[in-house]
Amino acid sequence: MPNTLDPKHSAENPNPLEAAPLAYENDEFLNSPDGRMLRIMAEYSEPMARFRRERIQDTVVFFGSARFRAFDEASQQLELLENTGSTKLAPPEEQPARAGESEEDTTELKHKRAEAAVEMARYYEDARTLARLMTEWSSKLPGRRHRFVITSGGGPGIMEAANRGAWEAGGKTIGLNIKLPFEQMPNPYITPALNLNFHYFFMRKYWFAYLAKALVVFPGGFGTLDEMFELLTLAQTHKLAKKITVVIYGSSYWKNVINLELLAEKGAIGLKDMDLFEFADTPEEAFHILRDGLTMNHLDGESSGQRDEEPIPATPAPSAQELLGPDIAKTQS
């Protein structure tokens with residue numbers, strides 16, 4: 001039977017269209033190159049809204065390896081992850097040697113990894129202890145906003161240890177995760193309202209730097225080196241509108257990985273640039289450096305003494321809409 005046009009839907013009367021999606025509900029547009037600027041702006045505005053709502057004033061950032069995952073301290077076993085941020089384990093031949101393995105199954109690499117595993121387990125526990133000490137100290141500071149909140153990249157390893165120590169001390173703690181081709185998931189010790197995930201590395205780095213008043217660099221790899229030198233360069237070139245205390249933790253590790261003294265001797269950096277950081281080898285030593293630096297650079301001159309304000313409420317601060325009400329026109333959504 002030949003197709004016939006409905007006389008009501010002729011060339012002069014086309015079929016009716018469905019309503020077009022709203023621009024901010026159009027996933028095809030938002031995920032396209034044309035929507036990139038909106039995605040970048042969202043990774044600025046959404047974290048800012050969370051930090052304001054949770055009354056976060058500033059942070060202490062912990063960097064370090066994500067590839068080592070500590071088991072319960074009683075077992076003293078470590079497993080090496082396949083890649084930074086991955087939850088998949090590295091191949092068996094790359095794992096640290098374990099007690100009970102036969103000599104045939106134990107290679108020189110596995111022996112070296114076993115020695116490193118003991119060292120990395122200590123760094124995990126040191127990061128955990130330092131984060132706890134910092135949180136116990138900062139929670140007693142006067143004021144209604146949270147000061148020097150422990151912040152990490154949100155993943156496993158040293159990042160988990162930092163969030164864990166702050167969580168054990170009863171404080172808020174931030175995880176700035178990154179979407180990777182691996183299976184990275186946030187560690188369970190991050191404050192849920194401060195568990196963030198980024199697509200863009202540069203926006204994640206922005207939030208590491210923007211709120212940070214101190215940085216602790218534990219042993220790590222490419223990512224740790226990248227993040228450490230980025231912040232040191234910002235401090236060296238006076239691009240930070242604040243003084244930042246930098247602690248490089250584990251002098252035996254770092255002095256074998258990079259020779260910062262040689263950079264100064266060769267004139268690649270100034271001798272005064274060596275004052276941008278300090279080495280530490282125990283949680284107590286690092287804590288004293290951080291406490292003294294933060295007090296001198298960011299607390300001296302501020303009002304001191306006992307809290308004379310209302311205690312920080314158990315629930316987050318209200319939004320501007322909730323505070324101002326009728327002064328801000330309401331919309332349906």
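Observations, loosely collected:
- Residues of the range 238-261 satisfying the condition of being in a helix (DSSP H, G or I) and within 18 Å of residue 221 (Cα to Cα): 251, 252, 253, 254, 255, 256, 257, 260
- Any hit, the range 52-59, residues being out of contact with any His (no Cβ under 9 Å at 6 or more places or on another chain), among the aliphatic types (A, V, I, L, M), modelled with pLDDT of 95 or more and assigned to a strand (DSSP E or B): no
- Residues of the range 132-171 classified as in contact with a helix residue (DSSP H, G or I) (Cβ under 6 Å, 6 or more places away or on another chain) and of a type in the set (D, E, K, R), total: 4
- Annotation note: Cβ proximity below 8 Å between a residue of the range 248-267 that is on the phi > 0 side of the Ramachandran plot and a residue that is open to solvent by less than 10 Å² (accessible area, probe 1.4 Å) (sequence gap 6+ or interchain) occurs for 250/123; 250/218; 250/219.
- There is no residue in the range 224-240 that is among the aromatic types (Phe, Trp, Tyr), open to solvent by 10 Å² or more (accessible area, probe 1.4 Å) and within 24 Å of residue 117 (Cβ to Cβ).
- Tally of residues being open to solvent by 20 Å² or more (accessible area, probe 1.4 Å), modelled with pLDDT of 95 or more and either touching a Cys at 6+ places or on another chain (Cβ under 7 Å) or polar (S, T, N, Q) (or both) across the range 146-191: 1
- Of all residues in the range 268-284, those satisfying the criterion of being under 14 Å from residue 129 (Cα atoms) and in a loop (DSSP other than H, G, I, E, B) are 281, 282.
- Residues of the range 33-58 that turn out to be open to solvent by 30 Å² or more (accessible area, probe 1.4 Å) and within 16 Å of residue 204 (Cα to Cα), as a count: 12
- Cβ-Cβ under 7 Å pairs, at least 6 apart or on other chains, the range 213-226 side in contact (Cβ under 8 Å) with a residue 24 or more places away in the chain and of a type in the set (Gly, Ala, Ser), far side surrounded by fewer than 24 Cβ atoms within 10 Å (Cβ to Cβ) and part of a helix (DSSP H, G or I): 214/293
- Test: residue 317 is assigned to a loop (DSSP other than H, G, I, E, B), open to solvent by less than 50 Å² (accessible area, probe 1.4 Å) and at pLDDT below 90: yes
- Set side by side, the residues 200, 206, 210 differ, and just one is farther than 14 Å from residue 152 by Cβ, surrounded by fewer than 18 Cβ atoms within 10 Å (Cβ to Cβ), of a type in the set (Ser, Thr, Tyr) and touching a helix residue (DSSP H, G or I) at 6+ places or on another chain (Cβ under 7 Å), which is 200.
- Wholly within the range 130-236, strands (runs of 3 or more DSSP E) carrying at least 3 residues that are closer than 17 Å to residue 58 by Cβ: 149-152, 173-178, 212-217
The values are calculated or read from the model by the stated rules, or taken from the named source; none is laboratory data. These numbers come from a predicted model, not from an experiment. Note that each Cβ is placed from the backbone with ideal geometry, even for glycine, and that neighbours are counted across all protein chains shown. Surface accessibility is based on the protein's heavy atoms, side chains included, excluding ligands, DNA and RNA. Shrake-Rupley method; radii C 1.70, N 1.55, O 1.52, S 1.80 Å.
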